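Asks: Okay, here's the structure, questions in a sec.
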Amino acid sequence: MNTQKGLPAEAGQSLYEMVAAIGVIGIALFALVSLATLSLRNANFSKSNQVAISLSQEAVEWLRSQRDDNWQTFRANANTGVWCLQTLAFNNSGSCGISETVSGSAIPFRREAQFSINNNGTPAETDDDIITATVITSWDSPQGASDARVTTDFTGWR
């Protein structure tokens, strides 16, 4: 038995084993914390994305009601090209500014409608025109700028 001050020679090996075990446990805990953080970030992004999709769909339904109320007025508003839909009203033409957000949400969402008109090659405005509306709801997330888009075509079907 090789001893130093009465300790067996194997006593030093258990110290190395303990340091290695603590290192492995530390790496495993770091991986678990990283995974939990990533899961929370993805869950928050998914929640924000779902709210943004709902806001975009809400705007499309409002646009549909505007089309049904008066096709000519709807078409004239579509000629403007882009509307900021901070509220559901044609009262703010152009892209949304940084402070023009949809109220009622903890996250500052910006919602706008972009229009394009396909008049089937005729210069005159007709009920056969197809107006494509893309509603874009955007927000800033930890991953960067994000948006949800809903596109639909409108016609003067009446």
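Asks: Give me the one-decimal nm value for the distance between modelled label points at Gln50 and Phe30, 7 Å along each residue's Cα-to-Cβ direction.
Replies: A separation of 3.4 nm, rounded to one decimal place.
Asks: Moving to a separate point now. Grab the alpha carbons of the chain, take their convex hull, and tell me the volume per residue in Å³.
Replies: Details: hull volume 25.8 nm³, N = 158.
So the per-residue Cα hull volume is 164 Å³.
Asks: To the nearest 20 Debye, how big is the dipole of the chain about its Cα centre, given +1 on the beta carbon of each Lys and Arg and -1 on that of each Asp and Glu? Could the numbers behind the result be given before it?
Replies: Values: 10 positive and 15 negative charges, 107 e Å.
Dipole magnitude for the chain comes out near 520 debye.
Asks: Helix 11-69: angle to the longest alpha-carbon principal axis of the chain, degrees 0 to 90, nearest 10?
Replies: The answer is roughly 10 degrees.
Asks: What number comes out for the charge environment of Ser56, summing +1 per Lys or Arg and -1 per Asp or Glu over other residues with Cβ under 12 Å away?
Replies: Values: positive: Arg110, Arg111, Arg149; negative: Glu58, Glu61, Glu112, Asp147.
Residues close to Ser56 contribute a combined charge of -1.
Asks: Same structure, new question: Working out 0.36 nm times the residue gap between Asp68 and Trp157, then minus their Cα-Cα distance, what length gain in nm do you get to one decimal? List each step's numbers first, then the result.
Replies: Numbers: separation 89, 0.36 × 89 = 32.04 nm, distance 0.87 nm.
Extra length from Asp68 to Trp157 when fully extended: 31.2 nm.
Quick note: the coordinates plus some simple rules give every number you see, no bench work behind them. Keep in mind that what you see is a predicted model, and the values were worked out from it rather than measured. Neighbour counts run over all protein chains shown; Cβ positions are idealised from the backbone, glycine included.
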